[in-house]
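Scroll down for the structure; my scribbles are underneath it.
The values are calculated or read from the model by the stated rules, or taken from the named source; none is laboratory data. All figures in this text were calculated on a predicted structure; none of them were measured in a lab. Virtual Cβ from ideal backbone geometry, glycine too; neighbours counted across all protein chains shown. Just so you know, the surface numbers come from the protein's heavy atoms only, side chains and all, with ligands and any DNA or RNA stripped out. Shrake-Rupley method; radii C 1.70, N 1.55, O 1.52, S 1.80 Å.
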Amino acid sequence: MTDSLQSRLAAADPVDTDVDARLNELVRDVVAATEAEATTASPSPAPWWKRRRITIPIGVAGVLALTGAAFVLPLDRFGVGGITVDADVVIPISYTTDTGVDVDCRYAIYYGDPTDRTESDERLAAFMVEQDWSGVGQRMYVRAIANPFVPGRDGGLQSDTQANRDQMSLSIAISDVIEEIIPDDLRDNREGLIESSVTDCQGKLH
């Protein structure tokens with residue numbers, strides 16, 4: 001794992017700072033587990049995760065449910081570089097798998113650096129809020145099924161399980177579909193968008 005990705009994972013904390021210490025510890029444990037599962041190397045010249053500051057495809061809400069927590073983790077506020085921000089958009093992702101399972105999850109995004117927010121970031125955020133996201137989840141699912149993550153070709157997994165492959169497949173599909181929706185004139189001639197995101201999508205594909 002690169003130092004950049006490792007430091008971003010360590011800095012990411014989707015829980016607000018005034019939540020009790022037990023929950024903070026739980027989320028950090030889950031982030032640490034995600035770091036252990038994250039891609040360690042990629043032979044491709046432009047790995048998908050380098051397009052954003054950090055993506056955390058972890059089922060935090062599910063973890064909280066298992067521990068008996070009284071609330072579901074909100075995705076509209078999360079940490080970016082140690083600063084708690086309001087998500088620019090929380091995208092509802094709904095799809096039906098090839099086995100007939102209905103899945104509903106969310107993907108929250110914040111654009112830019114919270115210490116140096118630009119007009120371009122604000123315009124892009126406004127564009128995303130105005131989008132009709134209906135049907136996008138099924139489109140992402142179809143993309144994930146058609147383009148499964150393959151270790152070695154697309155990167156590496158420290159724990160190569162089918163569940164982890166499915167989670168990576170869906171994460172990449174979500175990212176790619178969102179990238180396609182953004183018009184070129186909102187990219188402000190930037191080589192890559194600065195994007196921070198959290199999600200409770202767990203990669204259920206079948």
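Work out, step by step, the length gained on full extension between residue 132 and residue 179: first 0.36 nm times the residue separation, then minus their alpha carbon distance; give nm to one decimal.
That pair, residue 132 and residue 179, stretches by 15.4 nm at full extension.
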(Q) Just to confirm a number: summing +1 for Lys and Arg and -1 for Asp and Glu over residues other than residue 200 whose beta-carbon lies under 11 angstrom from that of residue 200, what do you get? (A) 0
Q. Assuming R0 = 45 Å, what is the FRET efficiency of residue 104 and residue 158, from their Cβ-Cβ distance, to the nearest 0.05?
A. 0.95
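Under the rule a/c < 1.5 gives rounded, and otherwise a/b versus b/c splits prolate from oblate, where does segment 90-206 land using the Cα gyration tensor? Display every interim value, and only then the final one.
Working: a/c = 2.21, a/b = 1.56, b/c = 1.42.
It is prolate, given that a/c is not under 1.5 and a/b is the larger ratio.
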Q.
Just to confirm the filter: which trypsin sites (Lys or Arg not before Pro) across segment 119-206 are DSSP coil and have at most 13 other Cβ within 10 angstrom of their Cβ?
A. 153, 190
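Could you please state how large a percent of the accessible area of segment 65-163 is carbon and sulfur, counting protein chains only and using a 1.4 Å probe? Provide the component values of the computation, followed by the final result.
Values: 2730 of 5230 Å².
Answer for segment 65-163 is 52 percent, counting heavy atoms of protein chains only.
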Q) Based on Cβ point charges of +1 for Lys and Arg and -1 for Asp and Glu, what charge dipole magnitude is obtained for segment 118-200 about its Cα centre, in debye rounded to the nearest 20? A) 460 debye
